[in-house]
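The block underneath contains the structure these notes are about, expressed in structure tokens.
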Amino acid sequence: MVLGHALGGLIDSPLGAHLSGFHYAFFAIYTFHMPLFFMLSGLLVQQRLARGTAPFIKGLIPTVVWPYFLWSVVQFTVIYALGSLVNRPVNVYWSTVSALPLRPISQFWFLYALFWAHLIAVIGLPRIGREGLLVLGAVLKIIVALVIMPVTFKLIANNFLWYAIGVYLTPRGLAELCVDRSIAVRAAVLPLISAVLIVAALFGAELYGSDIPLISASSVELANLAWRLPVLATGIFGAVAAVAVASLPIFAGPHGRGGSLAELGRLTMPIFLLHVLFIAGSRIVLSRFLHLDNPAVLLVILVAAGLIGPLVVERLLRPFRLHRWLGF
């Protein structure tokens, strides 16, 4: 996620015109990283709903709804204040903020789509079960490919399949699918299949995405390409391969508890909420004021800022016990 947004910021900046390698890398990440996030979000839904529908819905307020509104306003206010320094300047403030219940902004569309996916699960699981939810996800994915619809609905419909896959698998099913496999399968076979499918999607982009030139597309256009129906298998295998690799002993830590990787996972929310502010802020300072124009060096610094910045903020605020109020 952090690498993808750092790449996207550089692609959309004045430096991005000739960064074809960055375009390929961004496309590759976007073929599977949102499928992975939505799939993981759906894994525990059935278990949580078993404890009661009301507690489940109530729990969405501090964990999804509040962070969505709070940080959408904070980040958009910063973007508005920075004016022409950002990649996509905005000149309308209140109408955008007041429309947040209907139109998400920036990376916070994920929380918006996730909230609606949870509500669909609340309504659908007792009536059509996991299998029905999976079919619904597949139908929505096909409809998105065939019907022009508002972006907000498209974001929900386009990603609900991945969420439904997570609900269908449950943690036990996902473990049986990839985590409990041999090291050879997890470290080599699944990542190799995923890599082959990503390369095939890159070469096939001219066929299924002839309307968008891959090497000169914006980050939004590249995401559009990466989420199209012909890339479906790439998303599935990429998400499964990512889980398989993360389960390898090298990442498992002492006693299989995940080590530093698991700790980063537990801090996903502050990283998600804050990383764009640190990435964009660092890019503006380095490229606009310090005139650093080496894309590779910039990328390394931006990724480091997008990870370290939110972690430092989280650590500094921990003694004040403000995490719930900040949506962390």
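Return the inverse of the average 1/r over all pairs of distinct C-alpha atoms in region 193-250, which is the Kirkwood hydrodynamic radius, in Å to one decimal.
Values: mean 1/r = 0.0816 Å⁻¹.
One decimal place: 12.3 Å for the Kirkwood radius.
As a test of the formula, what do you get for the chain when each DSSP H run with n ≥ 4 contributes -39,500 (n - 2.57) and the sum is divided by the residue count, at 222 nm and rounded to the nearest 500 deg cm²/dmol?
Numbers: 17 runs with 225 residues, N = 328.
So the helix-based figure for the chain works out to -22000 deg cm²/dmol.
Dividing the alpha-carbon Rg of region 1-120 by 2.2 N^0.38 Å yields what?
For region 1-120, the normalised Cα radius of gyration comes out at 1.27.
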TM-like helix rule applied to the chain (DSSP H, alpha carbon span at least 20 Å on the long axis, mean Kyte-Doolittle at least 1.0) gives 66-82, 109-146, 190-208, 232-246, 268-283, 295-317
Dimensions (Å) - region 199-327, Cα atoms, principal axes, largest first:
54, 46, 29
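How many percent of Cα pairs in region 164-273 exceed 25 Å?
36 percent
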Give me Met149, Met1, Met39, Met34 ranked fewest to most by other Cβ atoms within 10 Å of their Cβ, as a rough exposure proxy.
Met149, Met1, Met34, Met39
Loop sites in region 1-66: trypsin sites (Lys or Arg not before Pro), DSSP, at most 16 other Cβ within 10 Å
Arg51
Go ahead and set up a Gaussian network model of the chain, Cα springs under 10 Å, then flag whichever of Val92, Val64, Val139 fluctuates most.
Val92
Can you give me the C-alpha center-to-center distance between region 70-103 and region 41-56, rounded to a whole angstrom?
33 Å
re the chain: pairs of Cα atoms spaced beyond 33 Å account for a percent value of 26 percent
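Values quoted throughout were computed directly from the atomic coordinates according to the rules given, and no laboratory measurement underlies them. Owing to the predicted nature of the structure, the values given are computational and were not obtained by experimental measurement. Cβ: placed from backbone, ideal geometry, glycine included. Neighbour counts: every protein chain shown.
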